[in-house]
Amino acid sequence: GTIAGKLLSGAKAAAAAFLVLGAVTAAWGIKMAAKAETSTVILGTMLKSMTAGKALMSAMENWSGAPLFNPEEIQLSGILLFKAGVAAKDITGKLDQLGQIAAATKTPLDDLARIYQQGMNQGAFQQDKINQLSDRGIAIYEGLAHATGKSGAALKEMISDGKIGPTEMNAALAHLTTGTGIYSGAMQNIAQTTGGMWSGMMNKAGLAARE
């Protein structure tokens with residue numbers, strides 16, 4: 001009788017735990033679904049087509065770097081990149097560049113997207129924007145030196161004169177994140193680590209809960 005009682009008590013506790021877990025998972029899923037819906041509507045509004053907004057959302061969710069980042073972070077980054085003038089079809093490509101840097105420097109993806117968006121909208125990346133990137137441990141001066149052929153005082157003069165525009169910044173980011181660039185392959189390497197695999201598992205679980 002004592003053993004049966006303990007088994008029954010254990011079964012009740014387990015059932016209660018599963019109920020709590022189910023409720024928490026459902027709440028998590030509902031919250032993620034609401035945020036995804038809001039982001040989809042924002043994208044659809046900016047693209048003047050809800051169908052196009054859904055297509056872009058789907059492309060971002062299926063982006064190769066998506067498992068490493070929080071879905072909400074990716075959604076916000078996509079919105080910021082579109083505001084920066086990046087065409088919808090090119091957003092995942094730009095996410096590739098920013099994602100490599102974010103993964104290597106442990107910088108929030110949406111932080112990079114916001115700095116990029118502000119510089120693009122201003123038409124030039126002034127010293128404050130360069131400082132924001134440099135302060136996050138990003139080798140932006142190396143990228144800009146390659147993009148402009150200038151370094152040291154000459155490069156700083158270009159920055160102060162407002163001559164680091166979209167062309168120069170995009171070239172710098174491309175240099176840093178492709179080929180032999182310092183951040184090239186960072187997302188793929190991080191994905192193989194325990195932390196990367198855990199992040200991927202949690203993000204997949206979140207998407208499953210949302211569905």
How much accessible surface does Asp128 have with a 1.4 Å probe, in Å² rounded to 10?
80 Å²
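If I stretch the segment between Asn170 and Ser151 completely, what's the gain in nm (0.36 nm per residue apart, minus their alpha carbon distance), one decimal? Please list the in-between numbers first.
Working: separation 19, 0.36 × 19 = 6.84 nm, distance 1.72 nm.
That works out to 5.1 nm of additional length.
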Rolling a 1.4 angstrom probe over the protein heavy atoms, how many square angstrom per residue are accessible across region 64-155?
41 Å²
Run the simple label-point estimate for Gln122 and Ser160 please: 7 Å along Cα→C-beta, distance reported in nm.
1.6 nm
If the convex hull is drawn through the Cα atoms of region 116-163, its volume per residue in Å³
70 Å³
Distance between the C-alpha centers of region 135-162 and region 64-113? Whole Å please.
23 Å
Run the paramagnetic zone check for Asp96: 7 angstrom along Cα to Cβ, then residues of region 51-70 with backbone nitrogen under 17 Å.
59-68
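Ignoring ligands, DNA and RNA, what percent of the accessible area of region 39-185 is carbon or sulfur (1.4 Å)? Numbers along the way, then the final one.
Values: 3360 of 6500 Å².
C and S fraction of accessible area: 52 percent.
The values are calculated or read from the model by the stated rules, or taken from the named source; none is laboratory data. Just so it is clear, the structure is predicted and the values come from calculations on it, not from any experiment. All Cβ positions, glycine included, derive from the backbone under ideal geometry; neighbour counts span all protein chains shown. With ligands, DNA and RNA removed, areas are computed over all heavy atoms of the protein, side chains included. Shrake-Rupley method; radii C 1.70, N 1.55, O 1.52, S 1.80 Å.
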